[in-house]
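Note sheet for the following structure.
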Amino acid sequence: MAQDINLRDGSRRYIYPLWVKGRFQSLRKVTFLVLNLFFFVMPWLRADGQQLVLADLPGRKLHIFGSIFGPQDTILVVLTLLFAAFLLFLVTSLYGRIWCGYACPHTVFLESFVHNVERWIEGNRGQRMALDRQPWDANKILKKGAKWAAFLAITTAVSMTFVSWFVDAPTLWTLNAGSGAYGMVGFLSFVGFLDMAWFREQFCNYLCPYARFQGVLAGPQSWTVGYDKGRGEPRKERGRKQAPDDLGDCIGCNKCVSVCPTGIDIRDGYQLECIGCAKCIDACEPIMGKYGKENLVRYSTVALDLGLETRRFPVRPVAYGTLLAVIATAFIVLVSQHTVLDVDIRRADGSLYTVDADGATRNTFLMSLQNRDSAPVELHVEVRGLEGAEVIVPPIHLESGATARVPVVVRMPAGAELGRTVPFEVVVSGSSEPLVRDATFKTGAQTGG
């Protein structure tokens, strides 16, 4: 059970994780570095004057690497979310809460900034505990004030970066964005500061929904952090004389507890609060190494620990993998059909055809256009399948992301021998590839018009 709540009076008991190094912590540092670079750098990457990735919520547009996706592309967003969800299910069914320990934004936030800032300003675990126990004096005020000021600066920078994914980054950082953007920055900065200064691991232990349903996703074949109770127990207890022959390999050093960022004892068995960070593995490994014994805390599965059959292809991962393949295929097919120019042409409401004074027959259409490219375009319209047709359309210039509704008039000269309904094609050129849309030309041939 998590140790951050005093069960007698309900008061907050803070966690002071001991700093530890090891092979899994080195791996986590690499993932944290990659994720932080992606988060902080991506909003500043631009092409043709446009941000490479920008979710323009007021404009209902999503800019991704020069392409613009609108409400009509909602299916792509749905597929992306489904892919992310089932990918998380797949990873959890294979490796438990490895997402929480290696890639969760909250974990990256705490490990990259909070714990390092505290260690730099207040010292190691013992020094931080002593500082919190001592009365308020100039030294404590100075250290706490410096830490909180650093927290506020970090949360403001993180909040500004997060909002930069939704508001043009240079506009936001030069203080030229709207009041709503800065209101969101202020709100996120306050929440982030509260999390850094006080809430911390309580989010993982009590609020995160993933912790609640991960037990359903993980199974006996899932690799999770666990304690080898068969080898470790009975452990040596401090202050109690025990014969060596009666003891397991655990020497009771409690290093695995001291390093835990959520305040649990991994020796108590599988717990929802465990985020799979493997700090307890890296803490136990050098201790056992001194005695020439294998690590007591390691990645294992319930099936291995109980001597059950280990399946090479467990049902859940196979099912999740199949669903991922289907979703990815559907996404690739839809994206391959995505064009930088969206064109839709329909007959003007309440109009089939009109006979002009010179005897020519005219049909009027309304063409809806959207430029999904990062650059402006000049468009030209012509028709195919109507010999001698005259096309009347105003000049079309579309800025990046702009939409327009343009009237298109098609006239056939008097005397043209046409049926009641004549199919033809409207060709829109000027973008990357000409787009062709089908339409029909109406006449009064069968009514003697």
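The values are calculated or read from the model by the stated rules, or taken from the named source; none is laboratory data. Here the structure is a predicted model, which is why all the values come from computation and not from measurement. Positions of Cβ are backbone-derived with ideal geometry, glycine not excepted, and every protein chain shown enters the neighbour counts.
A few notes on this one:
- Screening R405 against (1) loosely packed, with under 13 Cβ neighbours inside 10 Å; (2) more than 30 Å from V53 (Cα to Cα) leaves a single unmet condition, (2).
- Among helices (runs of 4 or more DSSP H) entirely within segment 54-141, having at least 1 residues that are surrounded by fewer than 16 Cβ atoms within 10 Å (Cβ to Cβ), of a type in the set (A, V, I, L, M) and without any contact (Cβ under 8 Å) to a residue 40 or more places away in the chain singles out 74-95, 125-133.
- Residue count, segment 201-230 (criterion: part of a loop (DSSP other than H, G, I, E, B) and at pLDDT 90 or above): 1
- Search result, residues across segment 202-235 that are under 16 Å from R298 (Cβ atoms), touching a Cys at 6+ places or on another chain (Cβ under 9 Å) and of a type in the set (A, V, I, L, M, F, W, C): V225
- Taking the criterion of being closer than 18 Å to F39 by Cα and of a type outside the set (A, V, I, L, M, F, W, C), the residues of segment 99-153 that qualify are G101, Y102, P105, H106, T107, E111, S112.
- Subset tally (residues that are surrounded by fewer than 13 Cβ atoms within 10 Å (Cβ to Cβ), free of Cβ contacts under 8 Å to residues at least 12 places away in the same chain and more than 22 Å from the chain's Cα centre (by Cα)) for segment 187-227: 1
- Test: residue in segment 153-161 that is touching a Pro at 6+ places or on another chain (Cβ under 7 Å), touching a residue at least 24 places away in the same chain (Cβ under 8 Å) and either within 30 Å of A218 (Cβ to Cβ) or not hydroxyl-bearing (S, T, Y) (or both): no
- Output for segment 40-53, where each listed residue is part of a helix (DSSP H, G or I) and crowded, with 17+ Cβ neighbours inside 10 Å: P43
- Matching residues in segment 26-35 - criterion: being surrounded by 17 or more Cβ atoms within 10 Å (Cβ to Cβ) and within 17 Å of the chain's Cα centre (by Cα): F32, L35
- The set of residues from segment 155-185 being under 22 Å from the mean Cα position of the chain (by Cα) and of a type in the set (G, A, S) comprises A157, S159, S164, A169, A181.
- Some residue of segment 231-253 being modelled with pLDDT of 85 or more, in contact with a strand residue (DSSP E or B) (Cβ under 9 Å, 6 or more places away or on another chain) and not in a loop (DSSP other than H, G, I, E, B): yes
- Selection status of G276, in contact with a strand residue (DSSP E or B) (Cβ under 7 Å, 6 or more places away or on another chain), within 28 Å of P317 (Cα to Cα), outside any loop (DSSP other than H, G, I, E, B) and small (G, A, S): no
- Filter result for V167 (of a type in the set (V, I, T), touching a strand residue (DSSP E or B) at 6+ places or on another chain (Cβ under 7 Å) and at negative phi): no
- Failed criterion for S374 (all others in (1) touching a His at 6+ places or on another chain (Cβ under 8 Å); (2) on the phi > 0 side of the Ramachandran plot hold): (2)
- Among the residues making up segment 410-431, a single one is among the hydroxyl-bearing types (S, T, Y) and not in a strand (DSSP E or B): S431.
- Residues of segment 170-198 classified as over 30 Å from R12 (Cβ atoms), assigned to a helix (DSSP H, G or I) and in contact with a helix residue (DSSP H, G or I) (Cβ under 9 Å, 6 or more places away or on another chain), total: 6
- Screening T339 against (1) within 29 Å of A85 (Cβ to Cβ); (2) more than 31 Å from the chain's Cα centre (by Cα); (3) not aliphatic (A, V, I, L, M) leaves a single unmet condition, (2).
- Single residue of R128, R212, R133, R200 found to be farther than 27 Å from L18 by Cβ and of a type in the set (K, R): R212
- Complete set of residues in segment 419-449 that are buried (at least 17 other Cβ atoms within 10 Å of the Cβ), at pLDDT 85 or above and polar (S, T, N, Q): T443
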